[in-house]
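Following: one structure in structure tokens, then a few remarks.
Derivation of every value follows stated rules applied to the coordinates shown; laboratory data play no part. Quick caveat, the model's predicted, so the values are computed rather than measured. Heads up, the Cβs are rebuilt from the backbone with ideal geometry, glycines too, and the neighbour counts pull from every protein chain shown.
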Amino acid sequence: MRSTVLIAAILAVTFPAAYAAETINAAGATFPAPIYQKWFQEYHTAHSDVQVNYQAIGSGGGIRQLTEGTVDFGASDMPMTPEQMGKITKFKVLHFPTVLGGVVPTYNIEGVSADLKFSPEALAGIFLGRITRWNDPALAKDNPGVKLPGTEITVVHRSDGSGTTFVWTDYLSKVSADWKGKVGAGTAVNWPVGLGGKGNEGVAGQVKQTPNSIGYVELIYAVQNKMAYGSVRNKSGKFVKATFDSVTAAAAAAKDIPADFRVSITDEPGAGVYPISTFTWLLIPDKIGDATKRDAIKAFLKWMLIAGQNDAAGMSYAPLPKLVVAKEQKQIAEIK
Amino acid sequence: MRRLWRKAVNNVMLTLTGLCALVTVSALFLILGYLLWNGGKSLDWDFFTKLPLSPGELGGGMANAIIGSAKIVALAALLGVPIGFMSGVYIGEFSGKNMANVIRYTADLLNGVPSIVIGIFAWTLLVVPMRHFSAWAGGFALSLMVIPVTLRATEQFLGQVPLELREGALALGASKWKSVVTVVIPAARTGILTGIILGVARVSGETAPLLFTALNNQFWSKGFGEPTASLPVMIYTHAISPYEDWHRQAWAAGLVLLGLVLVANIAARMVLAKGAATQRG
Amino acid sequence: MATATQSVPGRARTLLRNVRGGDEIAYLITFLFAASVVLVTAILVFELWVKSGPAIHKFGFSFLWHSTWDPVNDEFGALPFVFGTIITSVVGLLLSVPLGVGAAIFLSELAPPKMSNALTFLVELLAAVPSVIFGLLAIFALVPLMRHYVEPALISSFGWSPFFKGPAYGVGVLTASMVLAIMMFPYIISISREALIQVPREQREAALALGATRWEATWDAVVPFAKLGIVGSIFLSLARALGETMAVTMVIGNDPKINASILAPGYTIASVIANEFTEATGDIHLAALVELGLVLFLITIILNGLGQLLLMLTAKPGTAR
């Protein structure tokens, strides 16, 4: 009698009726993770029969797990390369931009609360390990009036495969031939200097706890954690901070957005453009066998393109341009 | 003069070694103290009943991680204990010397595999073919760590059963297997059980093998075929994040996990001590 | 007797007739379980070997001494991780062996039995604390301590030497070593204590009878007997420390560079696997990570083997010096 009760209790815990929900597994970028997690919770509240379990393991992880087939869809801030897409033979990967965001240089300098201005050369120099102290002339030149200490700069970068890293290194490759030659762009690179943090959260956490450090994170991580972040000099010579407007301007300045939405919008020209902006994408297979999952994913995408976009501004991302939304709505039909 | 010097050295060294012992023991108390202080503050009813919220939002809990850990550890025990136990019985009671050495050596080998490598193995064996992160894979990975501990404990305590008991059973006409099952194993059961509890308690705190087998989950996991949240993985992800509220949760989870592990350990050892005492007396 | 002329069912019947019942079945069942242990271990080694194939094929043995870890250009070398793994464990040993052996001596020789048992019990509980909890405490308690007090002090006193250079990050090789040292205490203490207890009482009593102080009796007459056991405990603790993942990953700084300074960040094999495994997008990248796992496994096998050997040698009485 007692053992029956015990077994019943165990079964009740592992298979309660509440599990009638369809679980969709997704994994990928930490860059958009805050808004994705908000979206998936909102969507679950509205549609209790669908729960999307999103694990922010980095863009590299999203691409890998999608390739292995262990998740239903992935997410990445770096568009998949032709080689990566070629590895997947079971289906074609459709890229769905979700929001726009900016990668900001966030720092924690003792005694400095002002917003610092960073030139492209300064950023490249710091991350190459050439500029080692905060009061280096290259930094002082752009920040007159700010008393920069002579302490050593601690660089923090990503230790995992990251789309945020791709955006950052893509930008640095465009503005510094030195960086391009020595390091290059990718989701994981051979960093000349610095500590590694896991995920955007890891980098933010590390910078927050390490005095005189600098790292790169998606805007919301700096905002949510009340960390200082600087402005960057864009292609037109103006020092611009990542804001709703400056990131939107970057997307608007991108002339040709290809049909498959795989495009980089770093270092775009324009006075009000934030130069380290990017789309971020959901990587959805064009063939989904499970009909329930397929319909749920398609329904979510439709919701995301309209209602979901309203959440963007409040979370320090920028919504997609209308033209892009229209094109994406057409792409949903390609999911069979 | 020399005597005074030797006496001085004597006293100094005695004190030093005493200090060494003090330092090492105090490490345990420091850890407990820190966790009780920080974790105790953060432990509330929500922790045990609510699901985690998205980062930046305050509140929520780790109910799914507690259940998830329970599922994974139960699976590990169900898989690992029988295999370890039966193998231990084989070595202890039935096999020849050479086979016993081979099996023992293999178990030691398995025991020495770094936990992250066990994770790699479970990933290639289960996650990739199943195309799913799952509690199965996590439970399997942990069971590989339960097997050697159970095997050693079984062998050790079976070996401690006095010869008189075995011979008595055989003299009464029991066949070998009957004597093992009805006399030897029951005589050794306290020690074996202790070893099992200690082994299972140890794997319940393991994180590395779960990182790419059970992964993690914000929601409840259906059955055993879904990514499953677990306490150790939650502690890890929350501790390295920049969110204060997540840190708070990590402390609470740490306290719960350590509490469970220590209680199991202390209980097991006390049972063993009592069992040994009654056997002797 | 089964002969070639008997049919298959006939042969089966003969076989079953020979199974006289319980004993053979029991043997068979337990044997199958034991065989499964050997099987699964063999599959593990096999899988590791196969999955690291692409990397072994591409790099050969040079994998072990190259130090570039470049996923963009598919160039991978194990040296920074092997270095990081070894240095954190060795520094950890340097910190924990004196303390651990000292404590073991105290507990086995100098403390009254009741106190000794109680304290040993407590120390052994330390072995039950999960790695991730050590990591949790390390991040929030140890790292700030290192960053604000310990490391600056070390830099100002020893910063002239290459071993203590660099900014006080708080995270890094030294911090990871300290965490490992604490995790190694219970193993060193418990195994060394066992070795010391096994030394025949006559040794100590003879020394005392000759007029030695308690310390002299311990150090000169008892400890040498237990030397092998103590060294064995060191090997076993080392083997455990090398595979330690979580606590180290959380405080080592994750930088695959080889640095003379122990205040610099580093990277261990277990940490890089934990950080990069789920996301290695290239085949070579993944294979390189698995190969690292294989290397780690091999190192721990060797160390464990040596440790067990030494312990076995101590078990024989009368094997001093």
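List of remarks:
- Within-10-Å neighbourhood charge of A:Ala33 [Cβ basis; K, R +1; D, E -1]: -1
- Computed extension gain for A:Glu110 through A:Thr81, at 0.36 nm per residue and net of the alpha carbon distance, reaches 6.3 nm.
- Kirkwood hydrodynamic radius over Cα pairs of the stretch A:45-105, then Stokes diffusion coefficient at 10 °C and 1.306 mPa s, in µm²/s: 119 µm²/s
- Principal axis box of the stretch C:61-210, alpha-carbon based, largest edge first, Å: 68, 41, 33
- Remark: the stretch A:205-327 projects, on average over all directions, an area of 9.4 nm² (convex hull of Cα atoms).
- When the listed pairs A:Lys90/B:Lys222; A:Lys208/B:Lys50; A:Lys38/B:Lys222; A:Lys198/B:Lys41; B:Lys97/B:Lys176; A:Lys302/A:Lys327 are checked against a 19 Å cut-off, the alpha-carbon distance exceeds it for A:Lys90/B:Lys222; A:Lys208/B:Lys50; A:Lys38/B:Lys222; A:Lys198/B:Lys41.
- Helical mean residue ellipticity (222 nm; -39500 (n - 2.57) per DSSP H run of 4+; nearest 500) of chain A: -11500 deg cm²/dmol
- Reference-scaled alpha-carbon Rg (2.2 N^0.38 Å with N residues) for the stretch C:203-307: 1.65
- For A:Val217, the residues whose amide H sits under 5 Å from its own are A:Val104, A:Thr106, ignoring neighbours fewer than 5 places away on the same chain, with H placed 1.01 Å from N.
- Largest GNM mean-square fluctuation among C:Pro265, C:Pro186, C:Pro113, using chain C with Cα springs under 10 Å: C:Pro113.
- Estimated distance in nm for a label pair at B:Val263 and B:Ala8, the labels positioned 7 Å out from Cα along Cα-to-Cβ: 5.4 nm
- With a Förster radius of 35 Å applied to the beta-carbon distance between A:Asn310 and A:Ala259, the computed FRET efficiency rounds to 0.85.
- Normalising the average separation of contacting C-alpha pairs (under 8 angstrom, six or more residues apart) by the number of residues puts the relative contact order of chain A at 23 percent.
- Structure remark: mean-square fluctuation, Gaussian network model of chain A, C-alpha springs under 10 Å; the largest value among A:Thr81, A:Thr266, A:Thr154 belongs to A:Thr81.
- Diffusion of chain C by Stokes-Einstein, at 4 °C in a medium of 1.567 mPa s and with Rh set to the Kirkwood radius over alpha-carbon pairs, works out to 56 µm²/s.
- Cα Rg, Dmax, the stretch A:102-277, angstrom units: 15.1, 49
- Net charge of neighbours whose Cβ lies under 15 Å from the Cβ of A:Thr81, counting Lys and Arg as +1 and Asp and Glu as -1: -3
- Simple Cβ-charge dipole of the protein assembly as shown, Lys/Arg +1 and Asp/Glu -1, about Cα centre, in debye nearest 20: 1760 debye
- Summing Lys and Arg as +1 and Asp and Glu as -1 over all other residues whose Cβ lies under 13 Å from the Cβ of A:Val232 gives a net charge of +1.
- Residue-averaged 222 nm ellipticity for chain B, from DSSP H runs of 4+ at -39500 (n - 2.57), nearest 500: -24500 deg cm²/dmol
- Among A:Trp191, A:Ile257, A:Ser236 the positive-end extreme of the charge dipole of chain A (Cβ point charges): A:Ser236
- Each label was represented as a point 7 Å from its Cα along the Cα-to-Cβ direction; for B:Leu78 and B:Lys274 these points are 2.9 nm apart.
- Loop sites in the stretch A:260-303: trypsin sites (Lys or Arg not before Pro), DSSP, at most 13 other Cβ within 10 Å: A:Lys287
- In terms of its Cα atoms, the stretch B:47-280 spans 71, 40, 28 Å along the principal axes, sorted from long to short.
- Paramagnetic label reach from B:Thr182 (point 7 Å along Cα→Cβ; backbone nitrogen cut-off under 17 Å): within the stretch B:131-171, residues B:165-171.
- Label-point separation, C:Glu202 to A:Arg130 (7 Å along Cα→Cβ), nm: 7.7 nm
- Rh by Kirkwood over Cα pairs, then Stokes-Einstein D for the stretch B:2-42 at 1.306 mPa s and 10 °C, µm²/s: 128 µm²/s
- Overall dimensions of chain A as given by Cα atoms, namely Rg and Dmax in Å: 21.4, 81
- Exposed-loop-free span, longest in chain A, where GluC sites (Glu not before Pro) count as exposed if DSSP calls them loop and at most 13 other C-beta atoms lie within 10 Å: A:111-333
- With only Cα atoms counted, the stretch B:1-147 has Rg and Dmax values of 24.4, 78 Å.
- Helical mean residue ellipticity (222 nm; -39500 (n - 2.57) per DSSP H run of 4+; nearest 500) of chain C: -21000 deg cm²/dmol
- Simple point charges give the picture: +1 on the Cβ of Lys and Arg, -1 on the Cβ of Asp and Glu, and for the stretch B:92-174 a dipole about the Cα centre of about 300 debye.
- When Rg and the Kirkwood Rh are both derived from Cα coordinates, the Rg/Rh ratio for the protein assembly as shown amounts to 1.01.
- Springs join every pair of Cα atoms under 10 Å in this Gaussian network model of chain A, and among A:Gln55, A:Gln37, A:Gln84 the largest mean-square fluctuation is at A:Gln84.
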